[in-house]
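The values are calculated or read from the model by the stated rules, or taken from the named source; none is laboratory data. Everything quoted here is computed from the prediction, not taken from an experiment. Cβ: placed from backbone, ideal geometry, glycine included. Neighbour counts: every protein chain shown.
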Amino acid sequence: MTDVILETRNLSKEFKGFTAVSDVNLKVERGHIHALIGPNGAGKTTCFNLLTKFLTPSAGQILFNGTDITGAKPAQIARMGIIRSFQISAVFPHLTVLQNVRIGLQRELGTSFHFWQSERRLDRLNERAMQLLAEVDLAAFADTLTVDLPYGRKRALEIATTLAMEPELMLLDEPTQGMGHEDVHRVTALIKKVSAGRTILMVEHNMNVVSGICDKISVLQRGAMLAEGTYAQVSANPQVMEAYMGTAEVALEGAH
């Protein structure tokens, strides 16, 4: 019996007659790194937006730990432990790296964001913030203004702020998008590292990333589930090859 943390049942989304997501049945197992892949326009981001309640499904159900969360609001599911990191680096550029993580930790103080709290009261969060920065190899950058961080390090900081919210399920939207090879390698290793004891669902274009760290892969095409399985199973699937029309075929083969 597999332990499913997140499940969708016939999840669908229509926009004025256009079906962006069609009858998607997804099961994310606890402790897994699960990737959602597919060609451009396959419905990956729409699917993610449905899961994080930024969009309301036209039909179907979303279950988290067996509880129907289809009608829940974004803030409610965040409190339940579903935390999303965004495609565009969502950090405060003119705060230090440490201050960014501390904002994520302020939830533990009982109410939401205490921007006006005394420094002394917030200093007790510093130790935990430094632990999180160490986890993502950013401890040396604690006092750096975020605007001055290299791009790949900004994404690492975003993962640290996501971790500060104590997610049971982390949703990563294109975590390596726009990165050079060295940053991709670092962030991939980081995702693998922080996945210990957590569940991660990620949308990702880079097949080398997916092949290296994912336990299971779901392939979407035109909003519908095309294939699912391990990287070896998915990359050997002729329909997947055809869906990527040669462009990702090279990437799929090259990632072996």
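Side notes on the structure shown:
- Selection status of residue 133, modelled with pLDDT of 95 or more and under 26 Å from residue 79 (Cα atoms): yes
- Only listed residue being farther than 22 Å from residue 240 by Cα and not small (Gly, Ala, Ser), chosen from 19, 56: 56
- Unique residue being β-branched (Val, Ile, Thr), under 14 Å from the mean Cα position of the chain (by Cα) and not assigned by TED's automatic domain parsing to the domain that holds residue 161 when the list is 37, 69, 77: 37
- Residue check for residue 49: exposed (fewer than 15 other Cβ atoms within 10 Å of the Cβ) and either under 27 Å from residue 241 (Cβ atoms) or in the same structural domain as residue 201 (by TED's automatic domain parsing) (or both): no
- Counted residues, the stretch 210-256 - those being in a loop (DSSP other than H, G, I, E, B), modelled with pLDDT of 90 or more and not small (Gly, Ala, Ser): 5
- Within the stretch 1-10, if we keep just the residues that are among the β-branched types (Val, Ile, Thr) and at pLDDT 95 or above, the residue that is farthest from residue 173 (Cα to Cα) turns out to be 4.
Quick grid of which residues meet (1) modelled with pLDDT under 95; (2) within 24 Å of residue 159 (Cα to Cα); (3) outside any loop (DSSP other than H, G, I, E, B):
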| residue | (1), (2), (3) |
| --- | --- |
| 12 | no, no, yes |
| 22 | no, no, yes |
| 27 | no, yes, yes |
| 39 | yes, no, no |
| 42 | yes, no, no |
| 49 | yes, yes, yes |
| 54 | yes, yes, no |
| 60 | no, no, yes |
| 77 | yes, yes, yes |
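- Test: residue 16 is basic (Lys, Arg), assigned by TED's automatic domain parsing to the domain that holds residue 200 and over 15 Å from residue 59 (Cα atoms): no
- Residue in the stretch 141-161 that is at pLDDT 95 or above, of a type in the set (Gly, Ala, Ser) and not assigned by TED's automatic domain parsing to the domain that holds residue 17 present: yes
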